[in-house]
Amino acid sequence: MNAAQSKKQARRDILVVGGGRFGRLALERLPGRVATVVEPKPDEALLALAREQGAELVQAAGVEFLAPALATNQPPAWVVPALPRHLLHDWLLAELAPQGARAVEVPEEVLPPMSSVFRGEEGQFFVSLADFLCPDDCPEPPKLCTVTGKPRGEPLYQRLAGMNPSGWSVAVLRSRQLAPGVGGCLPGEMLQIKDQIGSQGGNWLVVTSCLCHGVVSGLSLPKKAQHE
């Protein structure tokens with residue numbers, strides 16, 4: 001099978017949540033792979049691009065669509081978060097709401113040293129190994145930074161997974177590059193994190209991170225009783 005035939009037969013297995021700039025990049029850079037784009041307020045440009053790429057466009061809030069999509073027997077192979085929120089955290093809060101899940105502020109002292117740390121409006125932290133604006137088509141080479149040409153060192157998702165603050169547990173969802181500038185997450189790993197937090201309870205640092213960039217949010221859940 002040649003490359004063209006392989007491309008034609010690629011399965012549409014990607015769910016893109018968010019139809020802004022990065023959602024459109026996902027559509028453009030993953031031709032034939034995106035099955036669905038979820039966007040509550042699509043504009044004409046997004047509608048036209050989705051039609052051109054043969055992707056279904058669903059007008060809905062991301063978390064409202066994501067929950068049933070992951071609960072089916074055939075969930076998407078990849079979820080691409082492409083919205084200005086921490087999708088994993090929002091989804092966990094919604095899924096674990098019956099158990100009393102609530103958002104909590106992340107204390108800055110729990111974070112490892114990084115080049116860029118920015119506090120978000122909801123108490124989360126946006127973190128990065130870069131102190132500059134990265135190009136949106138970065139190919140994410142495994143060892144050297146595209147911009148500086150210097151070694152990156154330990155990947156950010158590993159650094160964040162190594163956090164061990166007193167009174168907190170850590171759950172890290174890795175974002176893997178599917179195309180230049182487009183990161184995807186595995187639904188199976190999202191479900192594992194939900195099950196882990198739901199079964200243990202307590203205070204959690206919920207992380208989504210690629211090699212260089214990430215977001216850290218706080219979630220608290222009543223601890224399970226010993227006899228449960």
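Where a number appears in this text, it was derived from the coordinates with a stated rule and is not lab data. Quick caveat, the model's predicted, so the values are computed rather than measured. When we count neighbours, we look across all protein chains shown, and the Cβ atoms used for this are built from the backbone with ideal geometry, even at glycine.
How compact and how long is region 180-222, expressed as Rg and Dmax of its alpha-carbon atoms in Å?
Looking at region 180-222, its Cα Rg and Dmax stand at 12.1, 40 Å.
In whole Hz, with x marking every Gly and Pro, tabulate ³J(HN,Hα) for region 74-85 from phi via Karplus 6.51 cos²θ - 1.76 cosθ + 1.60, θ = phi - 60°.
10, x, x, 6, 9, 10, 9, x, 9, 9, x, 9
Treat each spin label as a single point 7 Å out from the Cα along the C-beta direction, and report the Ala60 to Glu122 distance in nm.
Once both label points are built, they end up 1.9 nm from each other.
Defining a contact as two alpha carbons under 8 Å apart and six or more residues distant in sequence, what relative contact order in percent does the chain show? Please report the intermediate quantities before stating the final value.
Values: 416 pairs, mean separation 46.5, N = 228.
It comes to 20 percent, rounded to a whole number.
For the residue pair Ala97 and Ser166, what label-to-label distance in nm results when each label sits 7 Å from Cα along the Cα-to-beta-carbon direction?
Result for the modelled spin labels: 3.5 nm.
Can you work out D for region 1-84 in µm² s⁻¹ from Stokes-Einstein, where Rh is the Kirkwood radius over C-alpha pairs, the temperature is 4 °C and the viscosity is 1.567 mPa s?
Working: Rh = 12.9 Å.
In µm²/s, the coefficient rounds to 100.
Is the shape of region 35-77 best called rounded, prolate or oblate, per the rule: a/c under 1.5 gives rounded, else a/b larger than b/c gives prolate, else oblate, with a ≥ b ≥ c the square roots of the Cα gyration tensor eigenvalues? Present the calculation step by step, with values, prior to reporting the outcome.
On the way: a/c = 4.45, a/b = 1.62, b/c = 2.75.
Since a/c reaches 1.5 but b/c is at least a/b, the shape of region 35-77 is classed as oblate.
What is the ratio of the Cα radius of gyration of region 85-228 to 2.2 N^0.38 Å, with N the residue count, to two decimals? Let's see the in-between values first.
On the way: Rg = 15.7 Å, N = 144, 2.2 N^0.38 = 14.5 Å.
Cα-based Rg divided by the globular estimate yields 1.08.
Give the calculated FRET efficiency between Phe132 and Lys223 to the nearest 0.05, with a Förster radius of 41 Å applied to their Cβ-Cβ distance. Show your work: numbers first, answer last.
Numbers: r = 42 Å, r/R0 = 1.01.
Once rounded, the FRET efficiency stands at 0.50.
Convert each backbone phi in region 51-63 into a coupling constant with the Karplus relation 6.51 cos²θ - 1.76 cosθ + 1.60 (shift: θ = phi - 60°), then list the ³J(HN,Hα) values in order as whole Hz, x for Gly and Pro.
5, 4, 8, x, 9, 6, 10, 10, 8, 6, 6, x, 5
I'd like the Karplus ³J(HN,Hα) series for region 95-109: coefficients 6.51, -1.76, 1.60, θ = phi - 60°, whole numbers in Hz, and an x wherever there's a Gly or Pro.
Each residue's phi maps through the Karplus curve to give 5, 9, 4, x, 9, x, 5, 9, 7, 9, 6, 8, x, 5, 5 Hz.
Once amide H atoms are placed 1.01 Å from N in the peptide plane, what residues at a sequence separation of 5 or more from Leu57, or on another chain, have their amide H within under 5 Å of its amide H?
Val37
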